[in-house]
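These notes concern the structure reproduced below.
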Amino acid sequence: MNVDKAVMSFAGIMTLASLALAHWHDPSWLWLTAFVGVNQSQAGITGFCPAAIVFRKQGLPPGHAFT
């Protein structure tokens with residue numbers, strides 16, 4: 001797994017987790033879903049992604065999107 005795949009997997013897991021928490025616990029968890037979406041849009045425009053930095057520091061090989 002490279003950094004790109006790890007970032008996309010992490011974003012997907014966070015989105016699904018926040019939707020589940022909103023459904024079964026409290027609708028305020030939808031703010032996490034919104035945050036993930038905004039962060040994905042920002043990363044797509046600027047190329048800066050905090051999760052990519054963390055995964056890179058953990059030793060994952062680089063991908064093409066986040067260099």
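The values are calculated or read from the model by the stated rules, or taken from the named source; none is laboratory data. Everything numeric in this text was worked out from a predicted model, so none of it was measured. All Cβ positions, glycine included, derive from the backbone under ideal geometry; neighbour counts span all protein chains shown.
Miscellaneous remarks
- Residue count, the range 22-47 (criterion: at pLDDT 90 or above and assigned to a loop (DSSP other than H, G, I, E, B)): 2
- Any hit, the range 11-21, residues being more than 15 Å from the chain's Cα centre (by Cα) and either part of a helix (DSSP H, G or I) or surrounded by fewer than 16 Cβ atoms within 10 Å (Cβ to Cβ) (or both): yes
- In the range 22-52, residue surrounded by the fewest Cβ atoms within 10 Å (Cβ to Cβ) [restricted to those that are of a type in the set (A, V, I, L, M) and in contact (Cβ under 8 Å) with a residue 12 or more places away in the chain]: Leu30
- Restricting the range 55-64 to residues that are within 12 Å of Asp4 (Cα to Cα) and either at pLDDT 90 or above or among the β-branched types (Val, Ile, Thr) (or both) leaves a set whose member that is surrounded by the most Cβ atoms within 10 Å (Cβ to Cβ) is Phe55.
- Subset tally (residues that are within 18 Å of His64 (Cα to Cα), hydrophobic (A, V, I, L, M, F, W, C) and more than 12 Å from the chain's Cα centre (by Cα)) for the range 22-46: 1
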